[in-house]
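Notes follow the structure.
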Amino acid sequence: MLKKMRKGGKCCGSDTDPLELHGLKKIVLVGNPNVGKSVLFNRLTGAYVTVSNYPGTTVEVSRGKGKIGDKYFEVVDTPGMYSLLPITEEEAVSRRLLLNEHPEAVVHVVDAKNLPRMLPLTLQLIEAGLPVVLVLNMMDEAKKLGLDVNVSSLQKRLGVPVVSAVFIKGEGVEQLKRVIKENGKLVS
């Protein structure tokens, strides 16, 4: 089920036919490096991705097949990015994917402990007119640090769905699926 797409769009390391994902509605996972995007990808697709943070190794885009309700979808795990205004090759790859592949949902995964550093990208995604769902991952660690995030208030202020999660424990995955189903174009 796992696809790794290189810059030229060639598949490698997969037994799955590339046509299996053709025509499926798309969910794109975005966010800074080390916020849990690949953990979420694994939970949504059942695939395993080796995560490496060495320069140049995350330019590959992982693609897999997942299911919400009775509908299948393509899930795309993008390289880490800090802004829609790319500085690195990784950011440029993620930006092109977001703007050229017209996803039904853009799941912005953030580290709940570092919201002030993470939210500028959220605002850029919203301003670009993308169908954003914000996920506050690592909420357990934020609580241990005494941080109390008012999810409802943040959702109202941003005008997009916000989900609280601890993906390493599987918390928030089902809620995210419900939010995508209710708010995304996946049900149409």
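The values are calculated or read from the model by the stated rules, or taken from the named source; none is laboratory data. The model shown is predicted, which means the values in this text are computed figures rather than measured ones. A quick note on method: Cβ atoms are made from the backbone with ideal geometry, for glycine too, and the neighbour counts reach across all protein chains shown.
Here are a few things to note about the model shown:
- Filtered residues of the range 58-71 (kept if surrounded by 15 or more Cβ atoms within 10 Å (Cβ to Cβ) and without any contact (Cβ under 8 Å) to a residue 60 or more places away in the chain): Thr58, Val59, Glu60, Val61, Gly66
- Filter result (part of a helix (DSSP H, G or I) and over 13 Å from Leu29 (Cα atoms)) within the range 94-120: Arg96, Leu99, Asn100, Ala112, Lys113, Asn114, Leu115, Pro116, Arg117, Met118, Leu119, Pro120
- Taking the criterion of being closer than 23 Å to Asn42 by Cα and part of a loop (DSSP other than H, G, I, E, B), the residues of the range 131-174 that qualify are Pro131, Met138, Pro161, Ala165, Gly170, Gly172.
- Failed criterion for Ala165 (all others in (1) closer than 22 Å to Met81 by Cβ; (2) buried (at least 20 other Cβ atoms within 10 Å of the Cβ); (3) at pLDDT below 95 hold): (3)
- Count of the range 77-122 residues which are among the hydroxyl-bearing types (Ser, Thr, Tyr) and touching a His at 6+ places or on another chain (Cβ under 8 Å): 1
- The set of residues in the range 120-142 being closer than 16 Å to Val35 by Cα and either surrounded by fewer than 17 Cβ atoms within 10 Å (Cβ to Cβ) or touching a residue at least 60 places away in the same chain (Cβ under 8 Å) (or both) consists of Pro120, Leu121, Val135, Asn137, Met138, Asp140, Glu141.
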